[in-house]
Structures are given as C-alpha cells and as structure tokens.
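Laboratory data are not the source of any read-out in this text; all were calculated from the coordinates shown. The shown structure was predicted, so the numbers you read here are calculated from the model rather than taken from an experiment. Using ideal geometry, Cβ is built from the backbone for each residue, glycine included, and neighbour counts are taken over all protein chains shown.
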Amino acid sequence: MAWIERISCDVCGKQMGRDEKWWIATNECVPSGDRRSGQPTLKLMPWDNALAHSAESKHLCGAGCAHTYMDRWMAGFRAGTETCVGVPVNS
Ligand SMILES: [Zn+2]
C-alpha cells in the first residue's frame, strides 16, 4: 500500500496538490538587547520539503492565508501569547 502524504494549509485546511508550491512560516526567537529573552519573529519562506516536515512549520497555501496567519501572529504578539519567554536564544 502506497503511503500518500497529505499536507493541508494550516489556515484554510485546503490540501496541497502534487505540483503546487506553497509557503512555510515558522515562529522564531532572535536575540534582542535584553539577553534573558529573545524577540519573537515570524519567518516566511518558499516551500521546502524537508522543512515542511518540521513540527514547528506552518504550511500556507498562498498569500491570502499567509496574510491571515500573520494577522493571527500579530494579534497573539499584542495579546502576549506570542513570546520568547523561556526559549533559549542562539547568539
Ligand atoms: Zn490556505
């Protein structure tokens, strides 16, 4: 039995077609002046199969969903749920 990989958009739930090239977003913490914690950062990248399998990666089908995801991330940052507290920062 062939294993068919199903990747769906983390915003709209659409399934990725075989030849589609989507986008990947990750949440990271970059060093800030305050060494105890980092600065929450949203990273958007072109599709990469290896990266897509990382647990931290969000799969986005296009600009519309990337925008929605960014809106949510910004709201989370303002609400204080998107933070780097307790996350080690690479320097
Ligand atoms: Zn989508």
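Some points to look at:
- Cα pair count fraction exceeding 15 Å, expressed as % - the stretch 23-79: 54
- Label separation (MET70 vs TRP47): 2.0 nm, computed from points 7 Å beyond Cα along the C-beta direction.
- Burial order of peptide ranges 15-25, 56-66 (average beta-carbon count within 10 Å, highest first): 56-66, 15-25
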